[in-house]
Amino acid sequence: SGQLGGTLTGTITQGTHTITLSGVTYNTIENGVQIRVERTSGDNLTPGISAPFNVYAQASQLVFVGVPARSQVNKKMASFKVEARRTDNSVDSNYIGTVTISKATGPGNVFGTLEKPLQYGVALFDSVEMDTPGEYTLSASTPGLPSATSPTITVIAQVFPWVENFEYIAGTSVGYNGWSPHSSSGANPILVVEPGLTYSGYVSSGIGNAAKIDTTGEDVNRTYTSQTSGTIYAAFMVNIDAATAGGDYFFHLSTNPLSTTYFDGRVYVKKDASNNLAFGLSKRTETAIYTDFVYSLNTTYLVVLKYEIVSGTQNDKVSLFIFSSGVPPTEPVTPTIGPLSPANADPTNIGSVALRQGTAANAPRVIIDGIRIATSWLDALGIQPGVATQLAITSVNNGVNPSVNIPFNVVVQAQDALGNPAYVTQNTDVQLFVHTGSGQLGGTLTGTITQGTQTITLSGVT
């Protein structure tokens, strides 16, 4: 029922067969539209009719999508989108323009790449930062549409632990989400993949997605508050998809800003002829020290890299801890590898973490997730003293062996990860079961540790 407008005529040049008419318009929103073409001069050609198509409304609004709720000072926010949408909330993929981001509210400055083109109705922002802690909202504008305001973003000062759970859109590169390339920029970038890794008991298990480190491509890093003394711990989950006999490193620390001279605390992996894995460690360029081949492909491990800054110029130490189960509440006395302290020049600080894609001949293919940088073992592993995380049976019949079918008491206690008594934050129901033994429990087997308490005594167990 509508009318065509714009460029409606043209000439198919002698000896050719096609013409593209650009700038055609249709003035009505409707489905099943067909247009007809007729010859007005030249060869005697019969008319042609197009396949049916739909004509949609133009975009009427800008909408923020995927804006992170939190970010850190002077750190790239997780990527987000601004979409040109119609009144029915669908994206207008034909809308052309440039979206400009600015601060709507907030205490500091917003900076980075603040203008992006709309591509198929979507503008992706991956390099926006704030310089002052506080609550912000952003404004998005483009000619012809009303501006939009983002949800509130809480920006905090950089603090430890520094955490990366890859809570980004699967399929985007980590470079779009705050990581900075320092080698082979743009080539085979490290991508965000789903799902994230899981490791029972680790605080970052199952949060967000993960990153896939492949071979022969872009290497990236992120910075955090630089440390010039003390100890730095870097904990992460890792799952090795493929490895080589030669082995190579895929993870390391460096300075802030990153210096290619100081790729320190390098974590390696290689395989034997039976596809068993060995992890390795070097402080820098010296030959790596490897474990035995006691690890497996496609298995998630918890790894902790320890970097000790020691007074002097050539004596910093690195150690590596690898766990296949459990999260030790205290640092083991003996690392899996190390400590290593070769005599090479120490960096002036430790303030960045890097993901590396080596050559196809040597490099592994790795899924990494849940990176936590901290200055203590407890913070790196997310262990919170005083927070109830486990149950313990602290007494059975007051330490005296019970008699068959005679009631006895069992004391159950809530404890933190260090084994200290801890208060529960809500009423917590418990139940007794037989763990070893051929008999059956009877009597009172259930009870409730009341909110704000630590212990319950179950009386009358048989």
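The values are calculated or read from the model by the stated rules, or taken from the named source; none is laboratory data. Computed from a predicted model, the values in this text were never measured in an experiment. Cβ atoms come from the backbone with ideal geometry, glycine included; neighbour counts cover every protein chain shown. The area values use the complete protein model at the heavy-atom level, side chains included, leaving out ligands, DNA and RNA. Shrake-Rupley method; radii C 1.70, N 1.55, O 1.52, S 1.80 Å.
Assorted remarks:
- Using a Förster distance of 41 Å, the FRET efficiency for Thr375-Thr100 (Cβ separation, nearest 0.05): 0.55
- FRET efficiency for the pair Gln440 and Asp292, taken as 1/(1 + (r/R0)^6) with r the Cβ-Cβ distance and R0 = 45 Å, rounds to 0.55.
- Net charge of neighbours whose Cβ lies under 12 Å from the Cβ of Met237, counting Lys and Arg as +1 and Asp and Glu as -1: -1
- Scaled against 2.2 N^0.38 Å for its residue count N, the alpha carbon radius of gyration of segment 312-352 is 1.46.
- Spin-label pair Ser341-Ile393: with each label point 7 Å from Cα along the Cα-Cβ axis, the two points sit 4.6 nm from one another.
- For segment 396-454, the equivalent ellipsoid derived from the alpha-carbon gyration tensor has semi-axes of 25, 13, 11 Å in decreasing order.
- Whole-angstrom gap from segment 238-261 to segment 428-462, using each part's C-alpha centre: 48
- Three principal axis extents of segment 183-267 based on alpha-carbon atoms, in descending order, are 35, 33, 27 Å.
- Unit charges on C-beta of K, R, D, E only; dipole of the chain, Debye: 120
- Put simply, when 402-410, 356-364 are sorted by average Cβ atoms within 10 angstrom per residue, most first, you get 356-364, 402-410.
- Of Lys81/Lys212; Lys75/Lys212; Lys103/Lys212, pairs whose Cα-Cα distance is over 28 Å: Lys103/Lys212
- Cα-based Rg / Dmax (Å) for segment 248-316: 13.9, 43
- Those lysines that a straight Cα-Cα span of less than 24 Å connects to Lys317, excepting residues fewer than 8 apart in one chain: Lys270, Lys283, Lys306
- Rg(Cα)/(2.2 N^0.38 Å) for the chain, N = residue count: 1.35
- Take every Cα pair under 8 Å whose residues are at least 6 apart in sequence, average their separation, divide by the length of segment 327-416, and the relative contact order is 24 percent.
- Residues whose amide H lies under 5 Å from that of Leu4, counting only those 5 or more places away or on a different chain, are absent; hydrogens are built 1.01 Å from N in the peptide plane.
- For segment 1-100, the relative contact order comes to 18 percent (Cα pairs under 8 Å, sequence separation of at least 6).
- Average projection area in nm² (convex hull over Cα atoms of segment 216-348, one quarter of hull surface): 8.6
- Three principal axis lengths of segment 124-267 [C-alpha, angstrom, descending]: 59, 36, 35
- Surface share of carbon and sulfur [accessible, 1.4 angstrom probe, percent] for the chain: 49
- Phe433 paired with Thr453, simple spin-label distance in nm, labels 7 Å along Cα-to-beta-carbon: 2.5
- Projected label distance in nm at Thr149 and Val37, using a 7 Å step from Cα toward the beta-carbon: 5.0
- In percent, rounded to a whole number, the relative contact order of the chain is 11, using alpha-carbon pairs under 8 Å and six or more apart.
- Ignoring aspartates and glutamates fewer than eight residues from Lys116 along the same chain, the ones with Cα atoms less than 14 angstrom from its Cα are Glu83, Asp126.
- Estimated vicinal HN-Hα couplings, Hz - segment 8-25 in sequence order (Karplus 6.51, -1.76, 1.60; Gly, Pro = x): 10, 10, x, 10, 7, 5, 3, x, 10, 9, 9, 9, 9, 9, 9, x, 6, 10
- Computed packing ranks the peptides 325-335, 240-250, 96-106 as 240-250, 96-106, 325-335, most packed first, by mean other Cβ atoms within 10 Å.
- Part-to-part distance (alpha-carbon centres) for segment 181-210 and segment 397-412, which is given in Å: 50
- Length released on extending from Thr20 to Gln61, taking residue separation times 0.36 nm less the Cα-Cα span: 11.7 nm
- Farthest toward positive dipole pole in the chain [+1 Lys/Arg, -1 Asp/Glu at C-beta], among Pro68, Val387, Val55: Val55
- Projecting the Cα atoms of Pro161, Phe250, Ile337 onto the dipole axis of the chain, where Lys and Arg carry +1 and Asp and Glu carry -1 at the beta carbon, places Phe250 farthest toward the positive end.
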